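Novice: Shown below is the structure under consideration.
All of the numbers you see were taken from the coordinates with simple rules; none came from a lab. Remember, predicted model here, so these are calculated numbers, not experimental data. Ideal geometry is used to build each Cβ from the backbone, glycine not excepted, and the neighbour counts take in all protein chains shown.
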Amino acid sequence: MYFADRVARIVAFIRAGYPTIMPATGYVSLAALLPRRLSNDEIITITSELVVRRHRRISSADIGVEITRITHEMPSPDDIERVQRRLDFIGCPRV
């Protein structure tokens with residue numbers, strides 16, 4: 001019983017980090033090859049940092065630098081676009 005409970009907790013821990021865009025069953029090992037995508041919380045954090053720090057129009061380069069600072073990875077064009085849409089939504093001027 002103890003072993004089964006321990007294995008169940010390990011499996012639950014691994015499944016908690018499984019991408020939400022993947023099906024709940026039929027775990028595919030190729031899911032590990034999916035590119036990283038910014039979470040909604042990360043987009044909000046990046047947008048907040050950009051708005052607080054900048055006293056001028058925000059460029060795509062500014063967004064890319066902030067993404068790199070937060071994630072320690074190179075930004076994808078899709079992630080830059082998502083942050084730009086968020087900035088447009090809140091009415092922040094950008095280049």
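Novice: So for the pair residue 89, residue 76, with labels modelled 7 Å out along Cα→Cβ, what separation do we get in nm?
Specialist: A separation of 1.8 nm, rounded to one decimal place.
Novice: Calculate the spin-label point distance for residue 9 paired with residue 42, positioning each point 7 Å from the Cα along the beta-carbon direction, and give it in nanometres.
Specialist: It is 2.9 nm.
Novice: Could you pull out every residue, at least 5 positions away or on a different chain, whose amide H is within less than 5 Å of the one on residue 58? Hs are placed 1.01 Å off N in the peptide plane, and Pro or chain starts have none.
Specialist: Under 5 Å from the amide H of residue 58 lie the amide H atoms of 94, 95, each far enough along the sequence or on another chain.
Novice: With 10 angstrom as the radius, rank 79, 62, 5 by how many other C-beta atoms surround their C-beta, starting from the fewest.
Specialist: 5, 62, 79
Novice: Beta carbons within 10 angstrom, averaged per residue: use that to sort the peptides 45-54, 84-93, highest first. Present the calculation step by step, with values, prior to reporting the outcome.
Specialist: On the way: 45-54: 15.2, 84-93: 12.7.
Taking the mean over residues of other Cβ atoms within 10 Å, the ranking is 45-54, 84-93.
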